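Comments concern the structure below.
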Amino acid sequence: MTEPLIELQGAAVRLGSRTLWSDLDLRVVRGEFLAVLGPNGVGKTTLLKVLLGLVPLSAGTVRVNGAPPRLGNHELGYVPQQQAFDRSLPIRGRDLVRFGVDGHHWGLPRHARAIQERVDEALRAVGASAYADAPVGLLSGGEQQRLRIAQALLGDPKVLLCDEPLLALDLASQRGVTRLIDERRRQSGTPVVFVTHEVNPVLPYVDRILYLVSGKWAIGTPEEILTSERLSDLYGIEVDVIKVRDRYLVVSAEDELPTEPGAHAHHGHAY
C-alpha cells in the first residue's frame, strides 16, 4: 500500500456552534488527483487551510507527508483563487514568481543567481517566459494563474493544493491551467487537491471526488459520486444528475439546491 501524503482520520472542523464537516477519513496518495466539490460555505477552502496549518482540527488527526501540518511548509505548493491585480501594480511576472522563494526555507537556494535560475526554470515549465518581464496587472487572468502555478512549484512541493484556480478564467485558460497542474502530477507524482465549483474542466484528470454538503461528505470516483442517488442523499432533497457528452449537469425541482458559478438556472448547475 502506497503511503499517503495526506491523511485525515476522524477529522472535524467546527466554527462556533456550526460543524463544517466531521468524522472525515481521507487518504491521498502519490500521483492522485482529488477534486473537492460542494456549494459555498461547506468548508472546501477550510480543508486546504487545515493542510496548510492555518486552521486547527476540532477533532481527529491530520498528517501531511508524514508530519502534522505546519505554517510555512515548503513541501506544500499552493495555488490560490484567481484575483485580478491592479493594472498599475509595478511588479513583473518574474517578481510574482520569486515571492515563492523564502531563503529560510530548507531546500531552496539562498544565492541570488541560483534563485534567478530556479525562477527562470519555473517560468519555462508553465510557458510564461515570454511575459516574465511584463507588469502582472496587464496580463490576462490565464497568464496570471500560470505565474501563480510557477510560484507554487518553485520549492519542488510534495503536494499541490489548488483553491478554485479556474474561477473567472475563460474555457481555453481553464484547460491550459488544468493541463499544467496535471503535467506536474504525472511527471513528479505530486498529488493534487483541487477545490472547484466546476468539475467538468478537470474531469479527464480526476481520480476521486470529495463532495461536501452541509456537514456531510462522500468520497469516491466521479462515477460513484456524481449520481442522482448519491447527491440526493447528501443534499437531503431530490436531485437529478444528467450526463451529456461527458459533462455533468445537476438539477433539482426544489429551490434548496445551492446554485454555483456557471449555473444555467437557479435550480441547477453544470458540473
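Here are some notes:
- Check on Asp163, touching a residue at least 60 places away in the same chain (Cβ under 8 Å) and surrounded by fewer than 19 Cβ atoms within 10 Å (Cβ to Cβ): no
- Candidate set: the stretch 184-233, residues that are part of a loop (DSSP other than H, G, I, E, B) and under 19 Å from Lys49 (Cα atoms); chosen: the one farthest from the chain's Cα centre (by Cα): Ser214
- Wholly enclosed strands (runs of 3 or more DSSP E) of the stretch 5-108 bearing at least 3 residues surrounded by fewer than 18 Cβ atoms within 10 Å (Cβ to Cβ): 18-29, 59-64
- Output for the stretch 166-183, where each listed residue is buried (at least 20 other Cβ atoms within 10 Å of the Cβ), of a type outside the set (S, T, N, Q) and more than 12 Å from the chain's Cα centre (by Cα): Leu169, Leu180
Read the figures in this text as sums done on the coordinates, not as results from a lab. Owing to the predicted nature of the structure, the values given are computational and were not obtained by experimental measurement. Note that each Cβ is placed from the backbone with ideal geometry, even for glycine, and that neighbours are counted across all protein chains shown.
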